[in-house]
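Note sheet for the following structure.
Every number in this text was worked out from the coordinates using simple rules, so none of it is lab data. Model, not experiment: these values are computed from the prediction. Here the Cβ positions follow ideal geometry from the backbone for every residue, glycine too, while neighbour counts run over all protein chains shown.
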Amino acid sequence: MTIGNDLYRAMLGRRLVYSCGYWRQALDLDEAQEHKLDLVCRKLGLGPGIQGLDIGCGWGEALKFAAERDHARGIGVTVSEQQVGLARELCRGLPLDIRLRDYHEVSGRFDSVFSLGMFEHVGFANYRRFFELACSCLADAGLFLLHTIGSDETMRTMDPWIGKYIFPNSMLPSAAQITAATEDLFIIEDWHNFGADYDRTLIAWRANVERAWPALGERYDERFRRMWRYYLATSMASFRARRSQLWQIVLSPRGVRGDYVAPRCESLERDVVVEVFRDARGFCAWTAVLGTLRCRPVAAGSRTAGSRTAPAQHLHFVRDDLGRIAIVAFLVLPLARSQLALDVDLRALAQIFSSDFGQAIEHHHRVPLGGLLVLAGLLVAPLLAGGDAEIHDRLARWHRAALRVLPDIAQKDDLVDAA
């Protein structure tokens, strides 16, 4: 049975990216894939005028992301006619060229080369040739990023079940095989492993397929459904047990002059939050105006970065000024400092919420006045945005960003002082 774009569109989410997402600060699959693409672009330094080559471009989402956000240009190659047709449709109007071509046939010189989730189909006999081709297409000062699943052990045969039913001729490379194949061709600038994120990506894919099955079941039979479930489940187990890894490897043909500093955890919204802090006075004034408007209800459940989780599932937001102050005061606790402090009796304010929320607060806290005002804007403004969808979406984006960076901002004196 030939798998069509309909299954992948249902499974992969808003962006058709059939590789691991980057979940460190993401709240859902779409954000995880967007953060992964952002990470790739920043590791390669993509920007206006940069010409990129995507080997195994799939549906063109990585190139599309780089063109739309960073104004990069590029060429993508894939051997799938279905992918080419849809990729050209998705990338219409952008300075991108999607070609139905095997990677062996690629020629030209590019500022950056990347391959996301395709190396697993190259095979150990072709590893050296693959890297030779990537090197020949790369400018002397360029960078090559390889995003691939990796194995803890060197293998020369494929998994028989996966090879028969899911990915014919597929094979997972080991670190030893990659380093041997790149010797004398590339300098390894960075080797980033976030294999645990593939477990979460696969869980999200499975949930999407199950949700869409009433429609998909018209084309795919129950036998296929069981096979696909088994494929996703065994893949989850492999990553959860850390037998399989997910590597992003940055390589340069001659070495980066000075030093290569690899980006890691910065989310897309972090830059927006920093800019808001730098213009705190204007933003606070704007928030003060919005504060006179009626509060809008929001869905419960918000997660901060790292292990700190605000128990938002217990909140019943009150549509008055006291409720707004209480929720802001609770969410800015990670910013608690001793200077320019404002006494906030959180225990008293917490009485307007459920008892579960009240029990989460054990002491009085002193909150920096400047940080309180700025975060009041970031955290509360999305609730007050009225009916303008564009403004509400933008504020909601800042709101999610603020929730993620709160624990980190407490360590950043320059951001707090800017408030």
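Quick look at the values:
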quantity: Potential lengthening between Asp152 and Glu210 on full extension [0.36 nm per residue; Cα-Cα distance subtracted]; calculated: 17.8 nm
quantity: Mean Cα-pair separation over length for the range 5-252, i.e. relative contact order, pairs under 8 Å, 6 or more apart, %; calculated: 20
quantity: Relative contact order %, the range 146-267, counting alpha carbon pairs below 8 Å whose residues are six or more apart; calculated: 43
quantity: Length added when fully stretched, Asn169-Val256, from 0.36 nm per residue minus Cα-Cα; calculated: 27.8 nm
quantity: Label-to-label distance, nm, for residues given as Asp30 and Tyr230 (7 Å Cα→Cβ offset); calculated: 3.4
quantity: Cα-projected label distance for Ile188 with Asn5, points at 7 Å along beta-carbon direction, nm; calculated: 3.8
quantity: Fraction of beta bridges assigned by DSSP in the range 5-252 that are antiparallel (%, nearest 5); calculated: 40
quantity: Neighbour-count ranking [beta-carbon atoms within 10 angstrom, fewest first] of Asp184, Asp6; calculated: Asp184, Asp6
quantity: By average C-beta atoms within 10 angstrom, highest first, the peptides 16-23, 196-203; calculated: 16-23, 196-203
quantity: Net lengthening on full extension, Trp161/Ala241 (0.36 nm per residue, minus Cα-Cα); calculated: 26.9 nm
